[in-house]
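*Asks:* Take this structure, written in structure tokens, and hold onto it; I'll ask about it next.
The values are calculated or read from the model by the stated rules, or taken from the named source; none is laboratory data. As the structure is a computational prediction, the values presented were derived from the model and not from experiment. Using ideal geometry, Cβ is built from the backbone for each residue, glycine included, and neighbour counts are taken over all protein chains shown.
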């Protein structure tokens with residue numbers, strides 16, 4: 001399944017109201033990039049599961065999932081999700 005097909009499936013699940021919150025295992029499989037400081041990781045918002053982005057938007061931009069704090073942030077040109085170990 002392509003990345004676009006996965007995103008479309010996520011959008012459909014959200015519209016149908018059956019999207020489960022992302023699991024820590026699902027989030028660990030993403031292509032996280034390490035910050036140069038070594039303190040945390042990040043990923044572009046369009047590479048993250050839509051259900052993570054929606055959850056972060058609905059609860060004020062920050063959430064704790066599986067030992068990490070996830071935060072939705074605005075970069076120069078794109079939004080991204082940052083995560084740091086607790």
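*Asks:* Scan the stretch 28-54 for residues that are touching a strand residue (DSSP E or B) at 6+ places or on another chain (Cβ under 6 Å) and more than 16 Å from residue 85 (Cα to Cα) and jot them down.
*Replies:* Listed by number, the residues that qualify are 44, 45, 48.
*Asks:* Out of all the residues in the stretch 71-86, which are in a loop (DSSP other than H, G, I, E, B) and either at pLDDT 90 or above or surrounded by fewer than 10 Cβ atoms within 10 Å (Cβ to Cβ) (or both)?
*Replies:* Correct list: 76, 77, 78, 86.
*Asks:* Here is a follow-up. Could you check the stretch 31-70 and list, in sequence order, the residues that are closer than 15 Å to residue 10 by Cα and not in a helix (DSSP H, G or I)?
*Replies:* If the condition is that a residue be closer than 15 Å to residue 10 by Cα and not in a helix (DSSP H, G or I), then 48, 49 are the ones that fit.
*Asks:* If you check every pair at least six apart or on different chains, which have Cβ atoms under 7 Å apart with a residue in the stretch 62-86 that is on the phi > 0 side of the Ramachandran plot and in contact (Cβ under 8 Å) with a residue 40 or more places away in the chain first and a residue that is surrounded by fewer than 17 Cβ atoms within 10 Å (Cβ to Cβ) and part of a loop (DSSP other than H, G, I, E, B) second?
*Replies:* 67/86
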